[in-house]
Amino acid sequence: MARTREIKRRIKSIDNTKQITRTMEMVAGAKIRKSQERIENSRPYTTKMMEVLANLSSYVKAGKHPLLEVHEKQERVYVLSITSNRGLCGAFNTNIIRKTESILEREKQADREILLSVAGQKGINYFKYCGYELLSEYTEIGDSPKFEDAREIAAKIMEMYINHEVDKVLIVFNHFKSVMDQRPIEYNILPIEKDMAEGEKERVIRDDYIFEPSPEKVLYELLPTYVETLVYRTLMESVASEHGARRTAMKAASDNAVEMIGQLTMTFNRARQAQITQEISEIVGGAEALK
Amino acid sequence: MSDKYVTCEVVTPERVLYSGNVKMVVAPGLEGEVGILPLHAPMVAVLGVGELRLKLDEDKQEYIAIHKGYIQVLEDKVIILVNFAEFASEIDIKRAKEAKERTTKEIAEAQKKGEDYYKAQIDLEKAENRIRISKRI
């Protein structure tokens, strides 16, 4: 009796867990769609901006701008690691943390001072626990990153770069390859690489534009916005990846739960049968003794 | 394209705010307003904080509050890329007024302490801009 009751209780508890993971899987699925849409929505902005930049770079000898300038001394690196606020998303955060640590190690060997910033509660907890000094912590980025969030981060980065407080800025984030596939990558955000500012080469470059007030001024206004857009993109990709990773993890959990329930049900039936058999043999045995 | 209308797109990083044919675009350039009519020469201009007007028809205008961005004019197309844009009808006046009060206070405090209040100044400008445009409807 005791054994069957115990198995039954386990089945019930696993079933509860399954319900939770199923729901989370579904919620994450819906959120992936939303965040993918958001990436789509920002695409026109990004491509149009690239176009203008490409046009501009044929006018302006761009080397002068402090954001394009490569610092002579490469002594300090700023690393921004983007993790999530919530867990239960498989290896999402672990991947980022591991990648960040390998970068920190690499930069340390190159004798560079490292300034580390982390977005997302999970990463912040980890790096604090490991005893790292964090320059800034960003936790307000939720399921729908706002352009303002990106602005805040970008403004800080650019200020430090222009003041020569850092010589290189890297962002580590989960690149959203597809719903099933997200991988951590590092992205060199500052100095702005020249080929990038120049955009795709095949694009027709027109040479009869009027620039208001002047090409230089337009470029100077544009470059900071370009950096902000890049940061915004990484945030959005990271959020989309988070939901993707969570859905994969939750799907695996639900599938495991189903399998476990199947096995336990079988054990339960066996135990029940064994019990009945035993009871019958006891009755038969008892009847036999009475003869 | 016809020579009476020009295709206009207003794009922010978060969404495409407006897309359609208009008769005229008036945008807040850094050195005064820039008006674009159909068949305008190709141009790129930086925009400041201000009001973007789209003339849809003789008696119909759309007012949009924008902060920082730029306008790109091609033969038959005007693309306006801005960091922030809101239709006059969408503006939350209460929030804008609160923002105005807050930033005014911040500036006063910073002045007292002799601190830099550049950022607050910009925020104040944005809030005032939004209040002004919300009254357009």
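For the residues A:Lys122, A:Lys73, the requirement of being crowded, with 16+ Cβ neighbours inside 10 Å and charged (D, E, K, R) singles out A:Lys122.
Flag not set for A:Lys31, criterion: surrounded by fewer than 18 Cβ atoms within 10 Å (Cβ to Cβ) and under 24 Å from B:Arg15 (Cβ atoms). Considering (1) under 23 Å from A:Thr229 (Cα atoms); (2) within 14 Å of chain A (Cβ to nearest Cβ); (3) open to solvent by 10 Å² or more (accessible area, probe 1.4 Å); (4) not β-branched (Val, Ile, Thr), the lone condition that B:Phe87 does not fulfil carries the number (2).
Among the conditions (1) β-branched (Val, Ile, Thr); (2) within 14 Å of the chain's Cα centre (by Cα); (3) away from every other protein chain (no Cβ under 14 Å), the only one that B:Val82 does not satisfy is (3). Within the stretch B:1-45, the set of residues being open to solvent by 40 Å² or more (accessible area, probe 1.4 Å), among the aliphatic types (A, V, I, L, M) and either touching a residue at least 40 places away in the same chain (Cβ under 8 Å) or assigned to a strand (DSSP E or B) (or both) comprises B:Met1, B:Val16, B:Met24. Of all residues in the stretch A:259-291, those that are under 30 Å from A:Gln19 (Cα atoms) and open to solvent by less than 70 Å² (accessible area, probe 1.4 Å) total 8. Mind listing just one residue for me: the one in the stretch A:100-119 that is free of Cβ contacts under 8 Å to residues at least 40 places away in the same chain and of a type in the set (S, T, N, Q) and, of those, most open to solvent (accessible area, probe 1.4 Å)? Checked the stretch A:100-119; the qualifying residue most open to solvent (accessible area, probe 1.4 Å) is A:Gln109.
Restricting the stretch A:230-258 to residues that are surrounded by fewer than 23 Cβ atoms within 10 Å (Cβ to Cβ) and among the β-branched types (Val, Ile, Thr) leaves a set whose member that is modelled with the highest pLDDT is A:Val258.
B:Arg136 falls short on exactly one of the conditions (1) surrounded by 13 or more Cβ atoms within 10 Å (Cβ to Cβ); (2) assigned to a loop (DSSP other than H, G, I, E, B); (3) within 14 Å of another protein chain (Cβ to nearest Cβ), and that condition is (3). Sub-7 Å Cβ pairs linking a first residue in the stretch A:21-49 that is within 14 Å of another protein chain (Cβ to nearest Cβ) to a second residue that is basic (Lys, Arg) and open to solvent by 70 Å² or more (accessible area, probe 1.4 Å), at least 6 apart or interchain, are A:Asn41/B:Arg15, ordered by first then second residue. Can you say whether A:Arg86 is touching a helix residue (DSSP H, G or I) at 6+ places or on another chain (Cβ under 9 Å), assigned to a strand (DSSP E or B) and surrounded by fewer than 20 Cβ atoms within 10 Å (Cβ to Cβ), as far as the supplied structure shows? Criteria not met by A:Arg86. With B:Ala96, B:Ala65 as the choices, which residue is in a helix (DSSP H, G or I), in contact with a Lys or Arg (Cβ under 6 Å, 6 or more places away or on another chain) and either closer than 16 Å to B:Lys126 by Cβ or without any contact (Cβ under 8 Å) to a residue 60 or more places away in the chain (or both)? Criteria check complete, one pass: B:Ala96.
The values are calculated or read from the model by the stated rules, or taken from the named source; none is laboratory data. Computed from a predicted structure; not experimentally measured. With ideal geometry, Cβ positions are generated from the backbone for all residues, glycine too; neighbour counts draw on all protein chains shown. In case anyone asks, the SASA skips ligands and DNA or RNA and just uses the protein heavy atoms, side chains included. Shrake-Rupley method; radii C 1.70, N 1.55, O 1.52, S 1.80 Å.
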